[in-house]
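Please treat every number below as a calculation from the coordinates, not as lab data. Quick caveat, the model's predicted, so the values are computed rather than measured.
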Amino acid sequence: MKKYTCSLCGYVYNPAKGDADSQIAPGTEFASLPDSWVCPICGAAKEDFEPS
């Protein structure tokens with residue numbers, strides 16, 4: 001599973017861990033995140049993430 005990094009703050013979305021604060025289950029690929037999902041650190045949109 002590919003990780004994605006926020007280009008604004010450096011937060012790394014790790015699909016293996018998900019995002020518990022946003023009720024995103026472990027194993028959820030970045031492409032499967034809802035369009036409304038934002039960076040849990042700085043609030044950046046999905047468009048501000050790059051593969052890492």
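Values as computed for the structure displayed
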item: Pairs of alpha carbons in the range 4-51 whose separation is greater than 17 Å (percent); result: 19 percent
item: Normalised contact order of the chain, rounded percent, pairs of Cα under 8 Å and 6 or more residues apart; result: 42 percent
item: Net length gained if the chain between A45 and E29 were fully extended (0.36 nm per residue, minus Cα distance); result: 4.2 nm
